[in-house]
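Trainee: Take this structure first; my questions come after.
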Amino acid sequence: MKHLGRAAIAALSATILTCAGIAPTAFADPTDLGFTDDATGSITNLDTTQRGSAGLHANPNLQALYNYDPDQPSAIADLPASYDLRKEGQSTSVKNQGYWGTCWAFGTLASLESNLIKQGAVTDGTEPDLSELQLAWFSYTPMSQETYKSTDLLTSPMDLSDQIGEGTSFITSGENALPLNQMVLNFGGNDLQATNTLSSWQGATTESEIPYSLIPDTESPNYSPDAALSDELRTLSQVHVQNIDYLPLPATFKIAITPDITDYTEYYEYDPAATDAIKRALMDTGAVSLGYYATLYSKDYNVDNAAQYVGRYVTSEDGSTVANHGVTIVGWNDNYPASNFTTMPPGNGAWIVKNSWGTDIDSLKEGYFYLSYYDMTISQASTYQADVPQDSSRTFSYDHNYQYDFLSTSSYYIFYPGEWGNKARIANVFTTQGTEQLEAISAVTANPGSKVSYEVYRLNADSASPTDGTLVANGTEVVEYAGYHTLVLDNPVALEAGERFSVVETIEGRDGRYVPIEAAATDYDYSDYTLHQEAKVSAGQSYVSQDDGVTWTDAASIEPGTGTFPSSDDTIAQFMTSELNENGEDEPSISIGNVMIKAFTTDRDPSDTPEDPESPEEPTDSPKDATASDEDPLPATGADWSAPAAVCVLLFATGLCVIGIRRVATRV
């Protein structure tokens, strides 16, 4: 049992990896990798406030946010006993990350490359090869003023000068500080960072356009050449990503909290439905990016069989088994013998995993290894799905990406589903810059099976809210997994230059309504560097409602730095408490940005006179019908209400954060 302060209950922490690149030649000796000969045989209590060289440790309950409800029956059937994307010709070759901490980028793009093949986008017999360097570099270097001004680069003609500098970056200082380029490429990353970069159409381009350079003349794992990229390469794209699924995880960790909310115990459960979900994703969309704890400790890794099973989850500084490496699942074998692992797992079965350490490592089989279904360190199973237009004459399905959220999912802080109450809605307002047609919108969800209801309004000239106009499109979609999704409108909306339109979303999942809004910790200091984030928002861009759209709060008026959140009816509710750090230590200040909604348009010939689509029906939960109920904890307009009381603590001790019930790790 471990004592929990109020902050630890309210704000569950996630994990970071600080393994700064793994040299393939070092793999003959596990000690060269920083692996410890840890023989701890039990799960330790996890400390959400502990800091050390491995950063903040994961609260084990973070895992469950992306997993199915235990009472929900699995709809997956008819899965074969084994499957191998290599045999299907749908997996790309093994790459080598060298000494850089970029494994997360290799895992991400291996999934995307496989999806391109799966969708039939490659027809000449070659394999796609995307640039890991582009993804890794621009994930930690915010866009400059020059980039924002370039409509060719942005593929969004809006004036986004107010967003200049939004994103995550490093400020290096101190006697032992590494050069900036070494920080960027050795810091690590995760699926949330990759989602932010790729969903904003910053890449992906090909390896030939931005090549990844290995380091042939040094054995220092902290060495990086000058790999800084020109900002004009940021949005060089051969592939746009339009959907990213965060899959359920087989390794789940749950917490039993005492009635007085002062203590908890934790326990591990294997989730077979999550294993089936990963299998189906492999068959449907291609390779799956994955995080796990890379080790050569003999108890965990059988070198002869290239087979790993870690049967414990430890977060103490001396024996951490928190995920520290990103790889790619390319297949499975249900009959892979449990006896092939040094320590026998509870049953047969293993994932076929592609690593990014080249093909000549003795501990791997031509770059691959087996990972037990029951490995307790499995984390961040994600798939990345490319935009492959049905019209073969088009490179991309959409010409423009209207967006404000360039921090997006890489925010330090993200609110829990349900945190804003059960009448929460979000909206973005955009101004069309040309004669265009709105084809699709984006949504970010936190639970599998979330329902996304959307409305599009053509706004009045003097509109005072995002619903003050004519409803021109609406719809509802249930998305299978958590993640980033593109929702295609049933009837595209013709727009003229200078028209203002809004996209309003209600996102509802198992844990309640969800408000994906950027929230950055502006500075987080370490001995030799500062991790800096900026979330920027201007008045009239983003809105949040807590009463089903009866009233709206402009996101630009949210002021967490003052400890208050001004509501639309001028009442002041507590937003951030002074108890986030029960030890009295200063916490980084917070800035609020935009809600995470994008709008995708295509260019339209000005001479075409569009036919007005049939008027959509008013949504059943229209604001004019919204009333308070006995079951609703939020009152109607004019009464006092409580804004979200807490957000998640840092996902990186050196970086990102996700809120919810899922263990998340930064991988390198």
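Trainee: Any residue at all in the range 393-402 that's in contact with a strand residue (DSSP E or B) (Cβ under 8 Å, 6 or more places away or on another chain) and under 26 Å from Met283 (Cβ atoms)?
Mentor: yes
Trainee: Here is a follow-up. Among the residues of the range 239-261, are any assigned to a loop (DSSP other than H, G, I, E, B) and closer than 30 Å to Ser144 by Cβ?
Mentor: Yes.
Trainee: To continue, here is another question. Restricting to the range 100-125, and then to whatever is buried (at least 24 other Cβ atoms within 10 Å of the Cβ) and outside any helix (DSSP H, G or I), can you tell me which residue is modelled with the lowest pLDDT?
Mentor: Per the stated criteria, the residue is Trp100.
Trainee: Examine the range 456-475 for a residue that is β-branched (Val, Ile, Thr), closer than 30 Å to Thr275 by Cα, at pLDDT 95 or above and not in a loop (DSSP other than H, G, I, E, B), and state whether such a residue exists.
Mentor: Looking through the range 456-475, none of the residues is β-branched (Val, Ile, Thr), closer than 30 Å to Thr275 by Cα, at pLDDT 95 or above and not in a loop (DSSP other than H, G, I, E, B).
Trainee: For the range 458-469, how many residues meet the condition of being surrounded by fewer than 24 Cβ atoms within 10 Å (Cβ to Cβ) and either closer than 24 Å to Thr602 by Cβ or within 25 Å of the chain's Cα centre (by Cα) (or both)?
Mentor: Of the residues in the range 458-469, 3 are surrounded by fewer than 24 Cβ atoms within 10 Å (Cβ to Cβ) and either closer than 24 Å to Thr602 by Cβ or within 25 Å of the chain's Cα centre (by Cα) (or both).
Trainee: So Gly291 passes all but one of these: (1) touching a residue at least 12 places away in the same chain (Cβ under 8 Å); (2) part of a loop (DSSP other than H, G, I, E, B). Which condition number does it fail?
Mentor: Looking at each condition in turn, Gly291 falls short on (2).
Trainee: Could you tell me which of the residues Tyr313, Tyr370, Tyr336, Tyr301 is modelled with pLDDT under 95 and hydroxyl-bearing (Ser, Thr, Tyr)?
Mentor: When all the criteria are applied, what remains is Tyr313.
Trainee: Evaluate the following for Ala440: is it in a strand (DSSP E or B), among the small types (Gly, Ala, Ser), under 21 Å from the mean Cα position of the chain (by Cα) and modelled with pLDDT under 95?
Mentor: Taking the combined requirement at face value, the residue does not satisfy it.
Trainee: Evaluate the range 246-258: report whether one residue or more is closer than 15 Å to Ala136 by Cα, surrounded by 19 or more Cβ atoms within 10 Å (Cβ to Cβ), in the same structural domain as Gly358 (by TED's automatic domain parsing) and at pLDDT below 90.
Mentor: No; the residues of the range 246-258 include none that is closer than 15 Å to Ala136 by Cα, surrounded by 19 or more Cβ atoms within 10 Å (Cβ to Cβ), in the same structural domain as Gly358 (by TED's automatic domain parsing) and at pLDDT below 90.
Trainee: Just to verify a result, which residue in the range 403-437, among those that are assigned to a loop (DSSP other than H, G, I, E, B) and among the charged types (D, E, K, R), is nearest to Ser545 (Cα to Cα)?
Mentor: Applying the filter and picking the extreme gives Lys423.
Trainee: Would you be able to say whether some residue in the range 392-402 is in a loop (DSSP other than H, G, I, E, B) and of a type in the set (Lys, Arg)?
Mentor: Yes - at least one qualifying residue is present in the range 392-402.
Trainee: Also, I was wondering about something else. Is it true that some residue in the range 188-202 is of a type in the set (Gly, Ala, Ser), in contact with a Gly (Cβ under 7 Å, 6 or more places away or on another chain), surrounded by 24 or more Cβ atoms within 10 Å (Cβ to Cβ) and modelled with pLDDT of 85 or more?
Mentor: Looking through the range 188-202, at least one residue is of a type in the set (Gly, Ala, Ser), in contact with a Gly (Cβ under 7 Å, 6 or more places away or on another chain), surrounded by 24 or more Cβ atoms within 10 Å (Cβ to Cβ) and modelled with pLDDT of 85 or more.
Trainee: Output the residues belonging to the range 352-395 that are of a type outside the set (A, V, I, L, M, F, W, C), in contact with a Gly (Cβ under 6 Å, 6 or more places away or on another chain) and surrounded by 18 or more Cβ atoms within 10 Å (Cβ to Cβ).
Mentor: Asn355, Tyr373, Ser379, Gln380
Trainee: In addition: What is the residue count in the range 517-535 for residues that are out of contact with any Gly (no Cβ under 6 Å at 6 or more places or on another chain) and modelled with pLDDT of 90 or more?
Mentor: 1
Trainee: With Glu477, Glu496 as the choices, which residue is over 24 Å from Asp608 (Cβ atoms) and acidic (Asp, Glu)?
Mentor: Of Glu477, Glu496, the one residue that is over 24 Å from Asp608 (Cβ atoms) and acidic (Asp, Glu) is Glu477.
Trainee: Further, regarding this structure: Among (1) in contact with a Phe, Trp or Tyr (Cβ under 9 Å, 6 or more places away or on another chain); (2) at pLDDT 95 or above, there is one condition Gly421 misses while meeting the rest; what is its number?
Mentor: Of the numbered conditions (1) in contact with a Phe, Trp or Tyr (Cβ under 9 Å, 6 or more places away or on another chain); (2) at pLDDT 95 or above, the odd one out for Gly421 is (2).
Trainee: Tell me yes or no: at least one residue of the range 420-431 is buried (at least 22 other Cβ atoms within 10 Å of the Cβ), in contact with a helix residue (DSSP H, G or I) (Cβ under 9 Å, 6 or more places away or on another chain) and closer than 23 Å to Ser111 by Cα.
Mentor: no
Trainee: Determine whether the range 513-525 contains at least one residue that is in a strand (DSSP E or B), within 22 Å of the chain's Cα centre (by Cα) and under 16 Å from Lys598 (Cα atoms).
Mentor: For the range 513-525, residues in a strand (DSSP E or B), within 22 Å of the chain's Cα centre (by Cα) and under 16 Å from Lys598 (Cα atoms): present.
The values are calculated or read from the model by the stated rules, or taken from the named source; none is laboratory data. Since this is a predicted model, take the numbers as computed values, not measurements. Virtual Cβ from ideal backbone geometry, glycine too; neighbours counted across all protein chains shown.
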